[in-house]
Amino acid sequence: MDSSHMGNDLENVLFTEEQIHQRLDELAQDIGRDYEGKDVLLVGVLKGAILVMADLMRALPGSVPMDWMAVSSYGSGTKSSGVVRILKDLDTDITNKHVLIVEDIIDSGLTLSWIRSNLESRSPASVEICTLLRKPEAAKVEIDCKYVGFEIPNAFVVGYGLDFDEKYRNLRDIGTLAPHVYS
Ligand SMILES: O=P(O)(O)OC[C@H]1O[C@H](OP(=O)(O)OP(=O)(O)O)[C@H](O)[C@@H]1O
Ligand SMILES: [Mg+2]
């Protein structure tokens, strides 16, 4: 195991574990109220959303089922080309179901834009999105996202599920990476 201190690789902590949990609790209250009397299926997007899902679902009232999709952006080799391939599809038939997509971050928006229209083509009762983070300045497509944890500036962030080269996902806080890490 890499024994270096991941926390030292952060330039700035943007959100502590406590702030993240508190915000997810607030979102869970809104979601619980909006879906009162309805069955909702949480759909997480692997892998970044695993911790958002874990904390959000435990803050929701009642029993809430979850399912997962894994997708890969590819094409030019750059991140989020907008060309998306399904690596793992849902196990669940979502026809006539209320679907709430759970994400860690909306950056360009290309990933979620594709996933949303893919899910909408399956005749669900509804599709909404809950994301912990959104970067408004980075948007290449507008996404109608009902539940947003925090809006952040256009900087690369890691921690709480978010990675740089598959590292830092297990950091408890979310922060920006120090330049020495990628130079
Ligand atoms: O709005 P976009 O510009 O499309 O970027 C956002 C997506 O990119 C990241 O996932 P990534 O594809 O890196 O995979 P990961 O979740 O496994 O980290 C993140 O978790 C979002 O799913
Ligand atoms: Mg992701």
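Here are the numbers for this structure:
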{"read-out": "Calculated FRET value between ASN96 and LYS167, using beta carbons and R₀ = 41 Å, to 0.05", "value": "0.50"}
{"read-out": "List VAL13, VAL40, ordered by accessible area with a 1.4 Å probe, largest first", "value": "VAL13, VAL40"}
{"read-out": "DSSP loop chymotrypsin sites (Phe, Trp or Tyr not before Pro) with at most 16 other Cβ within 10 Å: longest gap in the chain", "value": "75-155"}
{"read-out": "Accessible-area composition of the chain, carbon plus sulfur, in percent [1.4 Å probe]", "value": "48"}
{"read-out": "Length released on extending from LYS38 to ASP67, taking residue separation times 0.36 nm less the Cα-Cα span", "value": "8.7 nm"}
{"read-out": "With at most 10 neighbouring Cβ atoms within 10 Å, loop GluC sites (Glu not before Pro) (DSSP) excluded, longest segment of the chain", "value": "37-141"}
{"read-out": "Calculated on alpha-carbon atoms, Rg and Dmax of the chain in Å", "value": "16.3, 52"}
{"read-out": "Table column - 3J(HN,Hα) (Hz), region 120-128, Karplus curve with 6.51, -1.76, 1.60, x for Gly and Pro", "value": "5, 6, 9, 6, x, 5, 6, 9, 10"}
{"read-out": "List THR92, THR131, ordered by accessible area with a 1.4 Å probe, largest first", "value": "THR92, THR131"}
{"read-out": "Under-18-angstrom lysine pairs by C-alpha in the chain, whenever the two are 8 or more apart or on separate chains", "value": "10"}
{"read-out": "Distribution of pairwise C-alpha distances over region 96-183, 5 Å bins, in %", "value": "3, 13, 22, 21, 18, 11, 7, 3, 1, 0"}
{"read-out": "Residue order for HIS180, HIS21 - accessible surface, 1.4 angstrom probe, largest first", "value": "HIS180, HIS21"}
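The values are calculated or read from the model by the stated rules, or taken from the named source; none is laboratory data. Here the structure is a predicted model, which is why all the values come from computation and not from measurement. Neighbour counts are summed over all protein chains in view; Cβ atoms, including those assigned to glycine, are modelled from backbone coordinates with ideal geometry. The protein model used for the area step is the full one, side chains on, heavy atoms only, and it has no ligands, DNA or RNA in it. Shrake-Rupley method; radii C 1.70, N 1.55, O 1.52, S 1.80 Å.
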